[in-house]
Structure formats: C-alpha cells, structure tokens
Amino acid sequence: MDNNHRPDSMERITTQQQAVSFIDEQVQAIQKQVGDRKVLLALSGGVDSSVVAALLIKAIGKQLVCVHVNHGLLRKGEPEQVIKVFRDEMNANLIYVDAADRFLDLLAGVSDPEQKRHIIGEEFIKVFAEEAAKQEGIAFLAQGTIYPDILESEQGIKAHHNVGGLPEELNFELVEPVKLLYKDEVRVVGEALGLPAGMVYRQPFPGPGLGVRCPGAITRDRLEAVRESDAILREEFEKNGLAGKVWQYFTVVPDFKSTGVKNGKRTFDWPCIIRAINTTDVMEVTVEHLPDELIDHLVQRILAEVPGINRVLYDFTPKPPATVEYE
Ligand code: XMP
C-alpha cells in the first residue's frame, strides 16, 4: 500500500486543474484510509505540512489534530505565527507543545549530523506519542514528506527525519498525501486548496530547523546567534523586496572561532555565513547574487546586533556539489 515510487506516467502538476484532480483523488484516498478515526499531524508551519493540514481538514475536518512542537530550533517568532495562522485564522484543532529544553538537553554535546537528525526525529515521535496518548483514538500520523526527501533518503545522501519507519510499538499508520510531489507541485496544490499566498510561497525550512544551521554540537549561545542573524536576514530580504523572489535564504554559524578586533581589543568569535539560493525542485540549486549595498548593510547589522559574531561570509556554492543545508 505504501508505494514510495513516483510512476513514470504521473504528470507534473503545474495547473490549477491538475491540482484540483490531485486534491480530489487524495481527499478520497485519505477518507478511505482514515475512516472515522483520528489523525495527528506534525504541523511545523512550513509549506509541506501546511498543505497536508489543508488537505486533511478538507478530507476529515475535526478528526485532524494538529500538533505544533517547539523543539527549540525554530526561527524567531515562528511558534507565535503558527498559533496565529492555524488556531486563530484557520480555526484548526491545534495543540502547542513547548519542548525546547527537552530537545536541547538531548542534543547537548552531539556533533554528528546524522545523529542530531535522528535524535530530533526520535524525540519528535516521542512527543507525538505523548500527545496521542492524551487524545482518544489517534490511529494515524500525517507527515509532509515530499518526493526529494524519499529520493535522497533512498540514495543514502541524508536521513530526513520525516522519512522512515516508526517504531513498531507505536500503533500509528502514516498518512503522507504529498509524498510523490516535488516542491513546486506542493505549492500549486496549496494554492488550489485556497491557502494564503504568503504561506504557499514561504521559503522552506527543514524539520531539524536551525539545528542543521548550527553545525556540530549545538550550544544555546551559538543557536541564538543563528536565530538572531536569520531574523535580520529575513527582515532585510522583506524590506528589499527579495522575500518572495529568492527561494531560500538563511544564515549558518559554524563551530569555529577566528581572531578579530573590536574597540581596540582582541576578539575570538564565530563567523556568520549567509546562504541565498534559487531552485525549482531542490535537486539542483543556483546562488542568488545580492546587491553590494545590501551585503554591506547585512554585514554591518549582523556584526552590530548579534553577540558572538566577528565576521560575515557569503556562500557562493551551487548544488551540486554542496547541499543547501550544511548538515
Ligand atoms: P539539501 O540540504 O538536502 O536541502 O540540499 C534541500 C531542501 O531540503 C531542506 N532540508 C530538509 N527538510 N528535513 C526537512 O524537512 C531535513 O532534514 C532537511 N534537510 C534539508 C532544505 O532546507 C532544502 O530546502
């Protein structure tokens, strides 16, 4: 039943009409799979899980229980925004869980990227299991897995937390209605479902969040530097009309320090790397070149406002050979 292979005959969804027939098919498939039971959804607030939420709301309404877990690796202001959009505006059945300390304590001292991903993925499942136990009759776990996640996991490039078997003892079956779609198709489907454009065209954000942008062992101070510099970057992209144009942009604060000087005194602080890329299907990406004045302004703001940073670097590497994220 769980076919992870996209049939060669499946057309790329580019039009409203194709999206509508995909939605009709999926609504029926979900209703058939779920029956009158309940589904727990990992609602991160990203495009994929938002589209899955909208599909499920259409298919099964209040049988969907959305859970937004704050794993401490979210962007600045993000949990607040998810609550506002889904609970207040979309009237969804939303549970908010603040599990930041729990995740960060488990991740302390762990530097291997795959191990970090697995810890985050496993802890996610535990949190969901706990939430499920508080609910009557949850039988399914819905996820916003998309096709590139499946391909790259199969090829062993990286283990995405949202792909792979759940422990046997959890009686959850998966509901993954967009798992055969590429990112651009998910957006077309989201639009056809009537989601706001701001949500459908929001830049993607990985499940392990800022954790993969804080390479090596995560510390709270370096994580804060990633979060603050990311907020500055997003604010400046918004102000300069780049937010809807550039596909993905973020900062990374690697785990090494270099010498600098501030107010006549030696500093020994981290660099902050800016990455801004464009793509349609995330298999290949190109680098966005920013105007010099914007770069200068970003450098100035990050150095002035983010504690622990004494250099700002720009990543000019396409994919391949580099992946989008650093881990
Ligand atoms: P990479 O780094 O694989 O990124 O070139 C491709 C796209 O996938 C996102 N990404 C992830 N998304 N869980 C996710 O849900 C992950 O572990 C993960 N790793 C990368 C990345 O942000 C980019 O958009």
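Taken together, the values in this text are just the output of simple stated rules run on the coordinates, not laboratory data. Just so we're clear, the structure is a prediction, and the values are computed from it rather than from any experiment. So basically every Cβ, Gly included, is an ideal-geometry build from the backbone, and we count neighbours across all protein chains shown.
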### Vicinal HN-Hα couplings computed from phi for segment 189-205 (Karplus, 6.51 cos²θ - 1.76 cosθ + 1.60; Hz; Gly/Pro x)
5, x, 5, 5, 7, x, 6, x, 4, x, 7, 5, 9, 4, 5, x, 9
### Query
So what's the back-of-envelope 222 nm ellipticity for the chain, counting only DSSP H runs of four-plus at -39500 (n - 2.57) apiece and dividing by all residues, rounded to 500?
-12000 deg cm²/dmol
### Summary
Cα-based Rg then Dmax for segment 43-99, in Å, read 10.8, 32
### Query
Taking neighbour Cβ counts within 10 Å as the exposure measure, how do 118, 289 sort from fewest upward?
289, 118
### Gyration tensor over alpha-carbon atoms, the chain, equivalent ellipsoid semi-axes in Å
35, 22, 18
### Task
Return 199, 283 ranked ascending by Cβ neighbour count within 10 Å, so the fewest neighbours appear first.
283, 199
### Query
Relative contact order for segment 219-314: what is it in percent, counting Cα pairs under 8 Å that are at least 6 residues apart?
29 percent
### Query
How many percent of DSSP beta bridges within the chain run antiparallel, rounded to 5?
40 percent
#### Entry: Per-residue Cβ neighbour rank within 10 angstrom, fewest leading, 301, 227, 220, 202
220, 301, 202, 227
#### Entry: Formal net charge of residues neighbouring residue 144 (Cβ-Cβ distance under 10 Å; K, R +1; D, E -1)
-2
### 27 Å Cα-Cα threshold exceeded, pairs from 38/116; 116/245; 58/239; 126/245; 84/245
38/116; 116/245; 58/239; 126/245
### Summary
Once amide hydrogens are built 1.01 Å from N within the peptide plane, the residues lying 5 or more places from residue 41 or on another chain with amide H under 5 Å from its amide H are 65, 66, 67, 142
### Task
Mind checking segment 1-100 for GluC sites (Glu not before Pro) that DSSP puts in a loop (not H, G, I, E or B) and that have at most 14 other Cβ atoms within 10 Å?
11
### Query
In whole percent, what relative contact order does segment 16-200 give with Cα contacts below 8 Å and a gap of six or more residues?
29 percent
### Message
For Cα pairs less than 8 Å apart in space and 6+ apart in sequence, what is the mean separation divided by the residue count of the chain, i.e. the relative contact order in percent?
### Response
18 percent
### Query
Using alpha-carbon positions, what is the distance between the centroids of segment 219-279 and segment 117-139, in Å?
32 Å
### Query
How large are Rg and Dmax for segment 16-200 when only the alpha carbon atoms are used, in Å?
16.0, 50
### Task
Calculate the translational D of segment 219-314 in whole µm² s⁻¹ from Stokes-Einstein, where the hydrodynamic radius comes from the Kirkwood formula applied to all Cα pairs, the temperature is 25 °C and the viscosity 0.890 mPa s.
175 µm²/s
